[in-house]
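The next block holds one structure in the form of structure tokens; read it before the comments.
Each value in this text was obtained by applying a stated rule to the coordinates, not by laboratory testing. Just so it is clear, the model here is predicted, and its values are computed rather than measured. All Cβ positions, even for glycine, are placed from backbone atoms using ideal geometry, and neighbour counts span all protein chains on display.
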Amino acid sequence: MSTPDIAKQITDAMAQYTAEVKSEIESSIKNVGTEAKARLKSSSPFRKGKYRRGWTVKTETRNGVLSLTVYNKNGWLTNILEKGHKKRGGNGFVAGRPHIADVEEWAVKAAEEAVRKAVQG
């Protein structure tokens, strides 16, 4: 075997490995996003259910990089429900119900673990 043949084989093997790892990472990240959405739906405050049903996942790929965003269609409610707000009329304060921060923390750890597993094989 000549040196160019060996170099080509190594390059092809690395390209195949990279494609497999990228595919595994994308699949795992999409699963984490879906699970994060489900966790947010179950932990969100429930009154009439519109806020709880509003969680969705947006998937984007830019320059070959996958990006997932879990957001609520009623975005203006997320901050006041998470952190709390003054009552209408200004007398008193409605306590927040933390539900986003916990899921965000879990999703970051789960995504890191998924990438670690995909790279290690």
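Restricting attention to strands (runs of 3 or more DSSP E) lying wholly within region 40-106, give those where 1 or more residues are closer than 26 Å to S27 by Cα.
Where strands (runs of 3 or more DSSP E) fall fully within region 40-106 and carry at least 1 residues being closer than 26 Å to S27 by Cα, they are 55-62, 65-72.
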Condition first: charged (D, E, K, R), touching a residue at least 12 places away in the same chain (Cβ under 8 Å) and surrounded by 16 or more Cβ atoms within 10 Å (Cβ to Cβ). Can you find one or more residues in region 7-24 that meet it? yes
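Each row is one residue, and each column tells you yes or no for (1) surrounded by 10 or more Cβ atoms within 10 Å (Cβ to Cβ); (2) in contact with a Gly (Cβ under 9 Å, 6 or more places away or on another chain); (3) on the phi < 0 side of the Ramachandran plot.
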position	(1), (2), (3)
G64	no, no, no
K73	yes, yes, yes
W76	no, no, yes
L81	yes, yes, yes
H85	yes, yes, yes
R88	no, no, yes
G92	no, no, no
A95	no, yes, yes
P98	yes, no, yes
On the basis of being surrounded by 13 or more Cβ atoms within 10 Å (Cβ to Cβ), among the small types (G, A, S) and farther than 18 Å from K109 by Cβ, does S44 make the cut? yes
Go through the residues of region 92-101 one by one and say whether even a single one is under 30 Å from V21 (Cβ atoms) and of a type in the set (K, R). no
Which members of region 31-41 meet the condition of being touching a strand residue (DSSP E or B) at 6+ places or on another chain (Cβ under 7 Å) and either surrounded by 14 or more Cβ atoms within 10 Å (Cβ to Cβ) or small (G, A, S) (or both)? G33, A36, K37, L40, K41
